[in-house]
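The values are calculated or read from the model by the stated rules, or taken from the named source; none is laboratory data. Bear in mind that the values here come from a model prediction, so they are computed numbers and not experimental data. Because the Cβ atoms are built from the backbone with ideal geometry, glycine has one as well, and the counts that use them run over all protein chains shown. Surface areas here come from the heavy atoms of the whole protein model, side chains and all, with no ligands, DNA or RNA. Shrake-Rupley method; radii C 1.70, N 1.55, O 1.52, S 1.80 Å.
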Amino acid sequence: MSTPRSLLDKIWDQHVVCAPDGEQPLIYIDLHLVHEVTSPQAFEGLRLAGRKVRRPERTFATPDHNVPTTDRRLPIADPISRQQIDTLRNNCREFGVRLFDLDDADQGIVHVIGPEMGLTQPGMTIVCGDSHTATHGALGALAFGIGTSEVEHVLATQTLRQSKPKSLELRVDGELAPGITAKDLVLYLIGKISTEGGTGSVIEYTGPVIRRLSMEQRMTVCNMSIEAGARAGMIAPDATTFDYLRGRDFAPKDFDAAVARWKQLASDPGCHYDRVEIFNGGDVVPQVTWGTNPAQVVGVDTTVPDPASLETAADRDSATRALDYMGLAAGTKIVDIPLDRVFIGSCTNSRIEDLREAARVVRGHRVSSNVNAMVVPGSGRVKRQAEAEGLDRIFVEAGFEWREAGCSMCLGMNPDTLSVGERCASTSNRNFEGRQGKGGRTHLVSPSMAAAAAITGHFTDIRGWNYQD
Amino acid sequence: MEPFTIHTGVVAALDRANVDTDQIIPKQFLKRIERTGFGEFLFFDWRFLPDGSPDPAFELNAPELAGASILLARRNFGCGSSREHAPWALGDYGFRVVIAPTFADIFYSNCFQNGILPIRLDEADVDELFRRSQAGPYRLTVDLTTQTIRDDAGFSRPFEIDAFRRRSLLEGLDAIGLTLQHEAAIDEWERSHGVAQA
Ligand code: SF4
């Protein structure tokens with residue numbers, strides 16, 4: 001019998017083009033996703049060197065980071081944002097790359113539209129000039145973020161230089177308690193293994209809790225692999241994956257044959273991982289970050305930690321700095337922290353299930369008069385689906401703003417930003433200083449926790465929520 | 001790419017862990033479509049006060065560090081986004097070397113694409129360098145040919161680096177040009193995996 005191999009091993013072996021002596025191996029890239037912020041210099045490089053895009057039919061682009069989420073018929077107010085989006089449009093035209101432009105019904109956050117159109121498929125290698133490319137690993141692909149020079153390299157050669165990453169299995173046994181979401185799970189895991197726990201590795205999430213997650217919940221988990229320092233996160237494809245993909249625009253024509261192939265990808269029993277960590281789903285409570293990195297996270301039912309209680313000098317120093325930036329005192333109950341803003345969106349939590357989850361909390365309630373709350377769907381499709389289900393009316397009647405698709409206040413490159421000192425409950429993935437606007441204070445939470453906070457004006461344990469349905 | 005062989009320069013010590021790319025180059029400066037001109041925005045939100053003047057409390061603003069070219073930092077440097085604007089800004093500002101106990105993966109590999117050498121050293125050695133750099137302008141020599149780092153007061157350590165990356169930096173190799181030497185292998189991979197030939 002041949003040696004048991006992991007999902008990562010199988011995808012890796014299949015994609016090594018060559019491994020010349022003294023060089024890093026070249027691996028083939030099946031799908032290359034492109035957005036406006038990290039690609040202009042790459043296309044410019046091609047142009048200067050007189051090179052073409054090797055596989056334009058495997059390259060797809062959309063503007064998402066910079067785009068306005070208000071009326072799209074108006075010209076983009078910021079001339080530099082406009083220039084970046086125009087540049088993407090011109091580059092796609094010149095190099096023959098398919099673009100889902102601002103006025104396209106399928107435009108959206110690149111990591112939301114890839115899976116929803118069926119571009120993302122099990123067993124693929126996928127790259128994008130964006131660290132949250134890890135999201136696509138939820139479908140059993142090896143997907144990771146690259147820099148702009150590598151974007152140019154992939155455009156020109158459809159390959160990438162890569163040393164094989166280490167493998168890290170994160171197994172989650174048991175069951176999640178009612179009300180606990182994929183977001184709580186991944187924040188919990190990051191809190192446990194730290195923001196650099198996954199450095200140099202690809203995480204494979206396994207175990208009964210992961211198997212029971214829906215496809216969209218799996219995307220939420222894989223999305224934040226980078227916040228644990230990992231190159232990528234992945235989940236072996238199974239019936240959930242195949243059911244999700246069936247009938248999507250770019251799904252293989254001979255779907256059953258594809259499924260038969262994809263079934264071979266799951267890690268073999270007894271395969272080797274460089275490291276294994278085991279957790280229990282039952283230990284996870286609703287999570288809220290209190291600091292300025294995603295591992296600075298606690299349960300909603302506790303208090304802001306005292307830096308003095310932390311183990312290492314570096315952790316104490318980071319925590320002290322973070323509390324100062326966040327304007328929080330050690331010992332404050334999490335549920336006593338008041339909010340100014342609520343943001344439901346981003347490639348972590350802007351898909352239809354996220355919006356359904358938030359709408360269920362919001363239904364029959366009103367947004368606190370102290371809070372300004374917004375919902376930004378991840379894509380044009382998500383937006384239309386939500387509107388068909390009447391979710392937009394639930395949000396708007398409660399006092400939320402309902403926006404057009406894009407990255408929006410996840411990073412505030414467009415006009416959606418926090419002001420100095422504003423405190424936000426956000427369903428995004430990064431709480432770095434200034435991430436949502438200079439001086440802004442971000443707390444990462446799940447969609448239902450964000451929705452509840454919008455209603456009450458402070459963090460609220462979703463497990464005791466008064467649902468009106 | 002500018003080759004990297006031996007570099008001697010002044011060390012700027014940034015005593016913080018988990019320095020993320022949002023701090024290295026904040027998002028409002030990612031809208032440019034060029035690779036150059038990012039140096040003036042490096043660490044922008046830390047470097048400048050709201051009125052636009054340099055914040056005297058920020059480490060890099062110390063007058064004696066004006067020409068620093070070696071950045072010393074703590075764990076997990078460069079975590080966060082894949083933005084290559086981070087090494088572009090560091091390079092444009094004048095940094096050729098970054099020393100830290102650990103780096104985030106994408107940032108680490110982006111450095112090599114831009115002639116910047118990221119060096120991982122043991123935490124204890126990094127502590128020692130922080131101590132030595134406290135006394136005023138402190139100079140280090142980084143020698144990629146021998147893979148060593150040293151000062152003129154007895155500190156000398158070897159460092160590890162992937163052999164291919166080392167060669168790429170030493171020779172200032174054009175990564176795409178090198179890959180295209182394997183074009184036949186790429187064609188062959190595509191043929192055997194049913195990728196439609198153009
Ligand atoms: S939503 Fe946020 S994290 Fe996701 S791709 Fe956009 S900016 Fe990046």
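Here the stretch A:352-411 yields Rg over Rh of 0.94, to two decimals, using C-alpha coordinates and the Kirkwood radius.
Per-residue ellipticity at 222 nm, computed for the protein assembly as shown from helices alone with -39500 (n - 2.57) per DSSP H run of at least four residues, works out to -9000 deg cm²/dmol.
With both labels modelled 7 Å from their Cα along Cα-to-Cβ, the B:GLN181 to A:ASP317 distance reads 4.3 nm. One chain, two ends: B:ALA62 and B:LEU173. Fully extended at 0.36 nm per residue, the span grows by 36.4 nm beyond their Cα-Cα distance. Across the options B:ALA17, B:HIS7, B:PHE58, the greatest Cα extent toward the positive end of the charge dipole of chain B (unit charges at beta carbon of Lys, Arg, Asp, Glu) belongs to B:PHE58. As a ratio to 2.2 N^0.38 Å, the alpha-carbon radius of gyration computed for the stretch A:138-269 takes the value 1.13. Looking at the stretch A:311-469, send over the antiparallel percent of its DSSP beta bridges, to the nearest 5. The answer is about 5 percent antiparallel. Put simply, the amide H of B:PHE48, placed in the peptide plane, has neighbours under 5 Å in B:ASP55, leaving out anything fewer than 5 places away on its chain. The simple Förster model, with R0 at 41 Å and r as the Cβ-Cβ distance, assigns A:SER163 and A:ARG82 a FRET efficiency of 0.55. Sequence-ordered 3J(HN,Hα) estimates for the stretch A:439-454 from the Karplus curve with 6.51, -1.76 and 1.60 and θ = phi - 60° stand at x, x, 10, 9, 10, 7, 8, 7, x, 5, 5, 5, 5, 5, 5, 5 Hz, glycine and proline given as x. Among A:THR303, A:MET374, A:ASN280, whose Cα sits farthest toward the positive end of the charge dipole of the stretch A:255-390 (+1 at Cβ of Lys/Arg, -1 at Cβ of Asp/Glu, about the Cα centre)? Looking along the dipole axis, the top candidate is A:MET374. Can you work out the PRE-style zone for A:LYS52? Point 7 Å along Cα to Cβ, and I want the residues of the stretch A:65-97 with backbone N under 18 Å. Under cut-off, by backbone N: A:91-97.
Go through A:LYS10/A:LYS52; A:LYS333/B:LYS27; A:LYS183/A:LYS383; A:LYS183/A:LYS333; A:LYS166/A:LYS192; A:LYS10/A:LYS263 and tell me which ones have a Cα-Cα distance over 23 Å in this structure. Exceeds cut-off: A:LYS10/A:LYS52; A:LYS333/B:LYS27.
Interface of A with B. Using a 1.4 Å probe and counting protein heavy atoms only, the two chains hide about 4900 Å² of accessible surface, both sides summed. Put a plus charge on the Cβ of each Lys and Arg, a minus charge on the Cβ of each Asp and Glu, and nothing anywhere else: the dipole of the stretch B:120-198 about its Cα centre is then about 280 debye. For A:ARG72, neighbours were defined as the other residues whose beta-carbon sits under 12 Å from its Cβ, and their charges (Lys and Arg +1, Asp and Glu -1) total -2. For A:ALA257 and A:GLU397, the difference between the fully extended length at 0.36 nm per residue and the C-alpha to C-alpha distance is 45.7 nm. Contact order normalised by length for chain A, with contacts defined as Cα pairs under 8 Å and 6 or more residues apart; what percent is it? For chain A, the relative contact order is 17 percent. Considering only A:SER346, A:SER39, A:GLY118, and ranking their Cα positions along the charge dipole of the protein assembly as shown that arises from unit charges at the beta-carbon of Lys, Arg, Asp and Glu, the one farthest toward the positive end is A:GLY118.
Database remark: amide H of B:ILE99 closer than 5 angstrom to the amide H of B:LEU71, B:LEU72, B:ALA73, B:ILE119 (H placed geometrically; neighbours at sequence offset of 5 or more, or on other chains; Pro and chain starts carry no H). With θ taken as phi - 60° and the Karplus curve 6.51 cos²θ - 1.76 cosθ + 1.60 applied, the whole-hertz 3J(HN,Hα) list for the stretch B:106-121 is 5, 4, 4, 6, 4, 4, 4, 5, 10, x, 9, 9, x, 10, 8, 10 Hz, x standing for glycine and proline.
Within 10 Å of the Cβ of each residue in A:402-412, the mean number of Cβ atoms contributed by other protein chains is 1. Between the C-alpha center of the stretch A:90-108 and that of the stretch B:154-198 there is a gap of 30 Å.
Here the stretch B:38-177 is treated with +1 on each Lys and Arg Cβ and -1 on each Asp and Glu Cβ, and its dipole about the Cα centre works out to around 260 debye. Residue by residue along B:28-37, Cβ atoms of other protein chains within 10 Å of the local Cβ number 6 on average.
With semi-axes defined as the square roots of five times the eigenvalues of the C-alpha gyration tensor, the equivalent ellipsoid of the stretch A:37-81 measures 27, 14, 8 Å, largest first. Between B:THR5 and B:THR36, the modelled labels are 2.4 nm apart [label points 7 Å from Cα along Cα→Cβ].
Across the stretch A:333-346, rounded Karplus estimates of 3J(HN,Hα) from the backbone phi angles (6.51 cos²θ - 1.76 cosθ + 1.60, θ = phi - 60°) give 5, 4, 6, 8, 7, x, 10, 9, 9, 9, 10, 10, x, 5 Hz, Gly and Pro being marked x. Dipole check for chain A: with +1 at the C-beta of Lys and Arg, -1 at the C-beta of Asp and Glu, and the Cα centre as origin, the magnitude is about 580 Debye. Which whole-angstrom value gives the distance between the alpha carbon centres of the stretch A:128-202 and the stretch A:374-437? Their Cα centres are 23 Å away from one another.
Between A:ALA329 and A:ASN280, the modelled labels are 3.6 nm apart [label points 7 Å from Cα along Cα→Cβ].
Seen from every direction in turn and averaged, the convex hull around the alpha carbons of the stretch A:47-204 projects onto 12.3 nm². Amide H contacts for B:ILE25 (H built 1.01 Å from N in the peptide plane; partners 5 or more residues away or on another chain; cut-off under 5 Å): B:PHE43. With all protein chains present, how much of the accessible area of the stretch B:96-198 (probe radius 1.4 Å) comes from carbon and sulfur, to the nearest whole percent? Here carbon and sulfur together make up 46 percent of the probe-accessible area. Sorted from longest to shortest, the spans of the Cα atoms of the protein assembly as shown along the three principal axes equal 72, 60, 56 Å.
Per residue of A:29-41, how many C-beta atoms from partner chains lie within 10 Å of its own C-beta, taken as a mean? Averaged over the peptide's residues, the number is 3. Taken as Cα centroids, the stretch A:271-328 and the stretch B:1-21 sit 29 Å apart, rounded to the nearest whole angstrom.
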